[in-house]
Amino acid sequence: MAKLLLVWPILTLFLLLAVFSQVCGNLFVNDLLYRHHLSLTQVGLLNSAFFWGYLLMQLPAGYWLNRYGRGYLLFIAAIGLGLGSFLFVLAPSAAISFIGRLLMGFSAAFAFVGLVINLGHYVKKESLHFAIGLSSMTCLLLMAVLQHQLPAVIEEYGWQFVMEKFAWVSLFSGILIALIFPLLQARPNEKEAPELPLFQSITQAMTDVTVLKLGALAFCFFSIFTVFVDLWGSLFLQKVHNFDHFTATRLIAWVLLGMAFGGPILGLSHRLLKSPLWFLKGGTLCALMLMLMLIFAQDIRWYEMVGLLFMLGLCCSLNLLIYTLANQLPAENIRGVAVAFCNMMTALAAIIFQPLMGLVLTRWQPMQGQLEFQLIFLVFPIMLLAAFFII
């Protein structure tokens, strides 16, 4: 228990830093557009660089953490996250900032997988989902607080100030991970080769219909988070619903709060679900209706928007059910790869739609009004409708 109390908060801190590095784009989008004179396409490409690194490193991260020892790899990842943040904020050109975001994505890919693997050695199997859910809830609640408080800090000190502090905290987390090295190293009997080599596991997973179906669901369903929450949501609320920058940025926090509370609710009810696929189907339909309301409803008051975004966050928490099914339905020797594949597909949605939506909106200049944003954001209901029929 004492070892767990040392390991859990440090790895949860690293997961929080990884989540912040993913979501921070929506906090800086106005600064990048209006103060640094980047186009919407450039902002989309720059932010999606994180997901390129995250996607490419997802499968190798799980494989290496499982096989070669967890301590020093997490240490390197935390240091890489800090260095990537410094490179992103201090770079003299957008090209070098892109490399910084890419390095941040490479490093962040180790956070969630490292948390799951390490907690698995200190928590009983029946309690592991609760422990992981508690970490996710903690991170999302803290992110919601940061989402609410940081706009004022950015306005006063600038987004570079925030990212520099974030970089220093990332380096500090690497030092903390180094201090608990003995608790994170694989035991001798755990360093044996896995049942299947990496490429054989990937090949088998890619030919499994269930894995492909769950990956497609993750791609369609979680695009709400990786595209709307991570980058374009704040700008959408400003253009379509006429909220000011501060209010729109803070409203995004309610999606995070919904996800934070939805995870434990889903975890408690999961054992009672006799047909989780039908539960997922119903949640997808609810998310579809909420997204249509968000796009087309007029004159939404602040408290109504809070409720709408909170409910949308509750629906987004259903992505945990996709990961649970990926860890249960496929063959046992490819379940780890199946979970990683679903995670990769969520990153792929960001890689495609973040720059694509920026490109389309740029082509519509100078007519970037309410109608244009409503049309481009119809991609989310279309994706959710596709997910509904895939299930």
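Just a few scattered comments:
- Filter result for Thr324 (touching a residue at least 40 places away in the same chain (Cβ under 8 Å), polar (S, T, N, Q) and touching a helix residue (DSSP H, G or I) at 6+ places or on another chain (Cβ under 6 Å)): no
- Of the helices (runs of 4 or more DSSP H) contained entirely in the range 334-391, those carrying at least 1 residues that are over 26 Å from Ile117 (Cα atoms) and among the small types (Gly, Ala, Ser) fall at 335-363, 379-390.
- Leading residue by the ranking (nearest to Leu277 (Cα to Cα)) among those in the range 329-360 that are over 19 Å from the mean Cα position of the chain (by Cα) and either of a type in the set (S, T, N, Q) or surrounded by 23 or more Cβ atoms within 10 Å (Cβ to Cβ) (or both): Ile334
- Residue match in the range 307-314 (condition: in the same structural domain as Phe377 (by TED's automatic domain parsing), at pLDDT below 90 and surrounded by fewer than 20 Cβ atoms within 10 Å (Cβ to Cβ)): no
- Summed over the range 85-96, residues that are surrounded by 21 or more Cβ atoms within 10 Å (Cβ to Cβ) and farther than 17 Å from Leu13 by Cβ total 1.
- Residue check for Gly114: assigned to a helix (DSSP H, G or I), assigned by TED's automatic domain parsing to the domain that holds Phe14 and modelled with pLDDT of 90 or more: no
- Matching option when the condition is aliphatic (A, V, I, L, M), buried (at least 22 other Cβ atoms within 10 Å of the Cβ) and within 30 Å of Gly369 (Cβ to Cβ), among Leu46, Leu33, Leu81, Leu17: Leu46
- The residues of the range 172-201 that are modelled with pLDDT of 70 or more and surrounded by fewer than 16 Cβ atoms within 10 Å (Cβ to Cβ), listed by number, are Phe172, Ile175, Ala178, Leu179, Phe181, Pro182, Pro197, Phe199, Gln200.
- Exactly one residue out of Ala297, Ala287, Ala326 is of a type in the set (A, V, I, L, M) and either outside the structural domain of Val229 (by TED's automatic domain parsing) or surrounded by fewer than 23 Cβ atoms within 10 Å (Cβ to Cβ) (or both): that is Ala297.
The values are calculated or read from the model by the stated rules, or taken from the named source; none is laboratory data. Being a predicted model, the structure only gives us computed values, none of them experimental. Backbone-built Cβ (ideal geometry, glycine too); neighbour counts: all protein chains shown.
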